[in-house]
Amino acid sequence: KDVVRVVRRFRPQVVVSIFSGTNRDGHGQHQAAGWSARQAFEIAGDSTRFPELASEGLAPWLPRKLYLSTRFDSLATTLTLEGGVLDSAVGRSYHQIAMAGRSLHRSQDMGMLQRIGPSKVRLRLLENRTGSNGPALWDGIDTTLAGMAAAAGGNVRGSAWDSVASLVAAARRQPDPTHLSAALDRFAQVLAGGGSGPVHVGRPSPEQWDQVSRLERALKLATNLLCDAVADDQYIVPGQVVAVNITCWNPGERPAVVPLVVVRSAASRSRLMQSAGGADVPAGGVATWTVELETPYAALPSQPYFLVRPRQGDLYVWPDEPEMVAAPFGPPLLEAEFGNLVEPREVTYRYRDQAVGEVRRPLALVPRVDVKIDPDTLVWGASAAAPKRFSVTLKHGARDTTSGQVRLELPAGWRAGPPRQFRLEREDEAVLVEFDVRPPLRLAPGVVEVRAVATDTAGREYDVGVFAVDYPHVRPRTYVRPALATVHVAPLALPRLGRVGYVRGAADRVPEALRSVGVPVELLDARALERGDLSRYQAIVLGPRAYETEPVLPRQNPRLLDYVRRGGLVVVQYQQHDFFNAGYAPYPLTVGGRPLSLEDSGRGRPARPPISHDRVTDEGAPVTHLLGGRAVLAAPNAIGPSDWRGWVQERGLYFARTWDPAYTPVVETHDPGDTPREGGLLVARVGKGTYVYTGLSFFRQLPAGVPGAYRLFANLLALSRVSGS
């Protein structure tokens, strides 16, 4: 339904799917993308499918052609496009633009070179509704505005649109700024309903609205007025007065008038608006205003629109505003409007970074007292009677003083001591309060919640914390989460361990998770890997993709293997291709390659394309215990079916495809309809020690508090006793 919604809103004439929607695509996420594209192409034009989308103003839309990328199957190509063509407006080829976009997937290590020269884009035509057999991409498709409307069952023929079309053609023939200005004046008359008839009549199609918005933007840009809006604070608390400084500059040769300045909020879910009178701005002159807004006490913290309502399982609950559904972002917190002559401007916070220069940040509503609890997820051994410490951080969002007390809310039988007093006097001031939580005498397996609540002297309660997604390549965003800790009570036996060394990997919170249940983890830095005494550790664990994130590790891999041979235990969590290709494991391993099942070979079709790696994307996929792994699964925790329940996001990734006979596979799992995968957990004896490679996604499960993952990881650490360490 979500994909059909996007098709009906965007109304493409041609759809290109990268994946086929079958197991030829590799893992399940690729398959789902291909399946969704083909299904949406088939049903987006069917009015009986998802008729409720009509309430969002979305009429059925029938794309004309469906293509499939033949990147991995060049013999099936029916159309070749040249991606190396230069886009004169950007100064780069389409291929270069594509590689720049791919490189923005920073967390996926997808940085690409932007090479110049030819770049073939190969496609296969799957569906053609045009009635034309022409080989070109647009053969049989009317790409004009009238053609788009006709495809939707409408008509844009008429004097107003004919005038717009002729004016656009005239403006393109006369790129001189003087002629362009005259053309824009004529556009203004047409858009306002003068001349040969109004454009804003009846129910416009999305294509009409698109043309109107582009022309209106062109008119605003042609006024030469440049306006800016800057707030005096980035994080705003309810009840705070915010000063917004407005500046308008007229670099043109004629005076201009800004009739009215309005600063409004659509994102605060409150009627926050203030206006100021306009001004005449002389040629070359600058006008300034200051608008003050008082934020209502009822205003809620800034939250992405798709998180405002609790999710239903793994599905977002969309807002009531149709225009926001499936949008990348919601509206800004504050926006300044300048009448009909200047484009609206988001109100931002601006500051000077001595190294970078000007830095702009979006505004956000935050609670007066920000409350966070740590840890927010915890596995508590059912036989553990000792208390565990929870830390509550209070951060002040206001500029004045806030006093009160903070407490933990616990289930019956759990204890944490009395509330603690706090006093915050400055913006961004923070205090840390610690509580030792004790369980009841009889601790039954299950899930309990621990909530942190701060109450100020006015009786207002605060129980959420603000988190930021802030990286150099993306727009900063804030979201809020309840100050709530989820405690999973489960039977958990740990082996006796003196020290466990850990090399942190990418986005790796496993060390903290292991410490929370009592594993004595010590982080190993470059110096420890190069010159430290590794024999001090009964086990050494390598985090996900540690061979990429720790530059010293590949060079010191021989030391690590020597540690194993002398009786140590090394547990390697999933690594990418370099680990396999460079042969860092003690015995050969491979990853990816040709799919295990070549059902298409021998039937006149090419073999299935190679895939990057084997993974199991269904977090509930069945798991079979293999005969050779019985010892690993037996002690100190007897691993059973319940230990594979409640896993999050996936079973694992970068499973080994082939391995040396020295390795013993422990478990088998696979996505529905896929071939068996036994390379997710491999154990090998190396000299006197033990070496483990696992693609099981412990890096997701342990921070998420999945009890079975803790129990299995404890069994892996127990192999240090077998190794004789």
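The values are calculated or read from the model by the stated rules, or taken from the named source; none is laboratory data. Keep in mind it's a predicted model, so treat the numbers as computed, not measured. Cβ atoms come from the backbone with ideal geometry, glycine included; neighbour counts cover every protein chain shown. The area values use the complete protein model at the heavy-atom level, side chains included, leaving out ligands, DNA and RNA. Shrake-Rupley method; radii C 1.70, N 1.55, O 1.52, S 1.80 Å.
Could you tell me whether V487 is within 30 Å of R360 (Cβ to Cβ) and crowded, with 19+ Cβ neighbours inside 10 Å? The answer is no for V487.
Could we say that L300 is modelled with pLDDT under 85 and either surrounded by 15 or more Cβ atoms within 10 Å (Cβ to Cβ) or touching a Phe, Trp or Tyr at 6+ places or on another chain (Cβ under 9 Å) (or both) here? I'd like the intermediate steps shown before the answer.
Values: modelled with pLDDT under 85: no; either surrounded by 15 or more Cβ atoms within 10 Å (Cβ to Cβ) or touching a Phe, Trp or Tyr at 6+ places or on another chain (Cβ under 9 Å) (or both): yes.
No; evaluated as a whole, the condition is false for this residue.
When you scan the range 526-538, do you find a residue that is under 19 Å from V692 (Cβ atoms) and open to solvent by 50 Å² or more (accessible area, probe 1.4 Å), even just one? Yes, the range 526-538 contains at least one residue that is under 19 Å from V692 (Cβ atoms) and open to solvent by 50 Å² or more (accessible area, probe 1.4 Å). Contact map, the range 272-291: first residue under 23 Å from L363 (Cβ atoms) and of a type in the set (A, V, I, L, M, F, W, C), second residue open to solvent by 80 Å² or more (accessible area, probe 1.4 Å) and part of a strand (DSSP E or B), Cβ cut-off under 7 Å, separation 6 or more or different chains; pairs are L272/R264; M273/R264. Please state which one of Y693, Y663, Y710, Y654 is among the aromatic types (F, W, Y), over 34 Å from the mean Cα position of the chain (by Cα) and buried (at least 21 other Cβ atoms within 10 Å of the Cβ). Exactly one of Y693, Y663, Y710, Y654 is among the aromatic types (F, W, Y), over 34 Å from the mean Cα position of the chain (by Cα) and buried (at least 21 other Cβ atoms within 10 Å of the Cβ), namely Y663.
Annotation: of all residues in the range 666-682 being open to solvent by 20 Å² or more (accessible area, probe 1.4 Å) and over 14 Å from L696 (Cβ atoms), the one that is modelled with the lowest pLDDT is G673.
Here is a list: G277, G313. Which entry is surrounded by fewer than 15 Cβ atoms within 10 Å (Cβ to Cβ), in contact with a strand residue (DSSP E or B) (Cβ under 9 Å, 6 or more places away or on another chain), modelled with pLDDT under 90 and farther than 29 Å from A398 by Cα?
Details: G313 fails: in contact with a strand residue (DSSP E or B) (Cβ under 9 Å, 6 or more places away or on another chain).
So the residue among G277, G313 that is surrounded by fewer than 15 Cβ atoms within 10 Å (Cβ to Cβ), in contact with a strand residue (DSSP E or B) (Cβ under 9 Å, 6 or more places away or on another chain), modelled with pLDDT under 90 and farther than 29 Å from A398 by Cα is G277.
Picking from A54, A44, A32, A40, which residue would you name as being more than 30 Å from R657 (Cα to Cα), among the aliphatic types (A, V, I, L, M) and free of Cβ contacts under 8 Å to residues at least 12 places away in the same chain?
On the way: A44 fails: free of Cβ contacts under 8 Å to residues at least 12 places away in the same chain; A32 fails: more than 30 Å from R657 (Cα to Cα); A40 fails: free of Cβ contacts under 8 Å to residues at least 12 places away in the same chain.
On inspection, the qualifying residue turns out to be A54.
Would you tally the residues in the range 441-458 being small (G, A, S) and either open to solvent by 50 Å² or more (accessible area, probe 1.4 Å) or in contact with a Lys or Arg (Cβ under 7 Å, 6 or more places away or on another chain) (or both)?
Step one: list which residues in the range 441-458 are small (G, A, S), which gives 444, 446, 452, 454, 458.
Then keep just the ones that are either open to solvent by 50 Å² or more (accessible area, probe 1.4 Å) or in contact with a Lys or Arg (Cβ under 7 Å, 6 or more places away or on another chain) (or both); that gives 444, 458.
Qualifying residue count for the region: 2.
Considering the range 360-440, the qualifying strands (runs of 3 or more DSSP E), each wholly inside and each with 1 or more residues that are open to solvent by 50 Å² or more (accessible area, probe 1.4 Å), run over 369-374, 388-396, 402-409, 420-424, 430-437.
What number of residues in the range 5-32 are among the aliphatic types (A, V, I, L, M) and under 21 Å from the mean Cα position of the chain (by Cα)? Final tally of qualifying residues: 3.
Can you find a residue that is touching a Pro at 6+ places or on another chain (Cβ under 9 Å), open to solvent by less than 80 Å² (accessible area, probe 1.4 Å) and basic (K, R) anywhere in the range 125-143? Checked against the condition, which is being touching a Pro at 6+ places or on another chain (Cβ under 9 Å), open to solvent by less than 80 Å² (accessible area, probe 1.4 Å) and basic (K, R), the range 125-143 yields at least one hit. Scanning the range 228-269 for residues that are modelled with pLDDT under 90 and open to solvent by less than 10 Å² (accessible area, probe 1.4 Å) turns up V258, V261, V263, S268.
Working carefully through the options A454, A468, A493, A485, find the one that is assigned to a strand (DSSP E or B), under 17 Å from S516 (Cβ atoms) and either under 36 Å from the mean Cα position of the chain (by Cα) or hydroxyl-bearing (S, T, Y) (or both). Let's see the steps before the verdict.
Values: A454 fails: under 17 Å from S516 (Cβ atoms); A468 fails: under 17 Å from S516 (Cβ atoms); A493 fails: assigned to a strand (DSSP E or B).
Just a single option satisfies the conditions, and that option is A485.
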